[in-house]
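Student: Please see the structure below; I have some questions.
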Amino acid sequence: MPSPAFEVSVASCLRERGIQIHEIILLVLLGVFVGTYGTLVGVGGGFIVVPLLLLIYKLPPPEAAATSLVVVFLNAASGSISYFRKGRVDVRTGIVLALGTIPGAFIGPVIAQHMPERAFKIFFACFLVAMSLFLAMRPERREGSPRTIGGPWLRITRSFTDKEGHAFEYNYSLPLAVSISFFVGILSSLLGIGGGIVHVPAMIHLMGFPVHIATATSHFVLAITALTGVIEYGIRGQIVWPVAAAIGAGVVVGAQAGAALSQRMKGRKIVRLLTLAVVVLAARLLWSAFSG
């Protein structure tokens, strides 16, 4: 249990930022939602947290991204534990993808430090719109039919069986996977979103991963990538720890629920809800950028 001194320190810090004690409860509930939904679709939930920190709590972009990334890490770490128990994390591929994201994860904070707030909001909103269009308009692809580049020696074939006896077999292009992961690493730490909102669609529709494997493996990669960004932002002193702790407390609980629900819900319905949420947040960010 947190010590009284810690609780007083947290409350004091929150009050200095205009956040009342009762709002901690709302932040924890937000964390539960973010953890559940983010784990369910493998995106970390940062795309929800960052706009809220920008619009409601008026954090500067670097602090919003840094604080969100702590939440993303906690979400990904908690969700990954559940997915590991189900045997659905492709660890070998996850390590390859994570190694691709790490260099980019150190570049993102440097860009965020020099990006004006309005430009940050516009860029983030445009990114969300582009992702929503991709999710809404992409053609349906059969699992296990990846789009590859290069010869057979650049193609990785994977096959394994999860703890429930489901067999998975697929292959993907190594150059494509590493290239996408490097871009995801930059975007992840720049925007504080974790990168899953890019990685999951790419793993399913460009690399041919089965949906459940893409979601679980993406969460494993998210944990590594987000931790890298957290270390870099932490060194810079840009993380608002009390806010991150409040949301993170709910995220850890929600992530377990999301992993449990992932086997019961159809991916198509989840993607539609995700697309709607992304569009609403993008519109709100654009309104804020041009009305401020």
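The values are calculated or read from the model by the stated rules, or taken from the named source; none is laboratory data. Remember, it's a predicted structure, so these values are computed and weren't measured experimentally. Heads up, the Cβs are rebuilt from the backbone with ideal geometry, glycines too, and the neighbour counts pull from every protein chain shown. We work out accessible area using only protein heavy atoms, side chains counted, and drop any ligands, DNA or RNA first. Shrake-Rupley method; radii C 1.70, N 1.55, O 1.52, S 1.80 Å.
Student: Which of the residues belonging to segment 167-187 are among the small types (Gly, Ala, Ser) and closer than 15 Å to THR157 by Cα?
Tutor: Selection gives ALA167, SER173, ALA177.
Student: Look at LYS121 and say whether it is outside any helix (DSSP H, G or I) and within 22 Å of ILE247 (Cα to Cα).
Tutor: So LYS121 does not fit the description; no.
Student: Using beta carbons and a limit of 6 Å, which pairs, at least six apart or on different chains, have the first residue in segment 161-187 and closer than 28 Å to ALA260 by Cβ and the second one β-branched (Val, Ile, Thr)?
Tutor: Taking only residues 6 or more apart or on different chains, the pairs are ALA167/THR161; PHE168/ILE213; TYR172/ILE156; SER181/THR101; VAL184/THR101; VAL184/VAL198.
Student: Let me ask you something else. Which of (1) surrounded by fewer than 24 Cβ atoms within 10 Å (Cβ to Cβ); (2) closer than 20 Å to SER291 by Cα is the odd one out, the single condition TYR37 does not satisfy?
Tutor: (2)
Student: Just to be sure, is ALA98 of a type in the set (A, V, I, L, M), part of a helix (DSSP H, G or I) and closer than 15 Å to ALA226 by Cβ?
Tutor: Yes, satisfied.
Student: Just checking, does segment 52-66 include any residue being surrounded by fewer than 24 Cβ atoms within 10 Å (Cβ to Cβ) and under 28 Å from HIS212 (Cβ atoms)?
Tutor: no
Student: Another question, if that's okay. Which residues, taken from segment 225-243, are under 26 Å from GLY100 (Cβ atoms) and open to solvent by less than 50 Å² (accessible area, probe 1.4 Å)?
Tutor: Selection gives THR225, ALA226, THR228, GLY229, VAL230, GLU232, TYR233, GLY234, GLN238, ILE239.
Student: So is THR157 over 24 Å from ILE48 (Cβ atoms), surrounded by fewer than 19 Cβ atoms within 10 Å (Cβ to Cβ), touching a strand residue (DSSP E or B) at 6+ places or on another chain (Cβ under 9 Å) and without any contact (Cβ under 8 Å) to a residue 24 or more places away in the chain or not?
Tutor: Against the criterion (over 24 Å from ILE48 (Cβ atoms), surrounded by fewer than 19 Cβ atoms within 10 Å (Cβ to Cβ), touching a strand residue (DSSP E or B) at 6+ places or on another chain (Cβ under 9 Å) and without any contact (Cβ under 8 Å) to a residue 24 or more places away in the chain), THR157 qualifies.
Student: Tell me which helices (runs of 4 or more DSSP H) are completely within segment 1-94 and hold 3 or more residues being modelled with pLDDT of 75 or more and under 29 Å from THR275 (Cβ atoms), or say none if there are none.
Tutor: Answer list for segment 1-94: 21-41, 46-55, 61-86.
Student: Would you mind listing the helices (runs of 4 or more DSSP H) fully within segment 143-258 where at least 2 residues are closer than 17 Å to GLY46 by Cα and modelled with pLDDT of 85 or more?
Tutor: The qualifying helices (runs of 4 or more DSSP H) are 174-191, 211-236.
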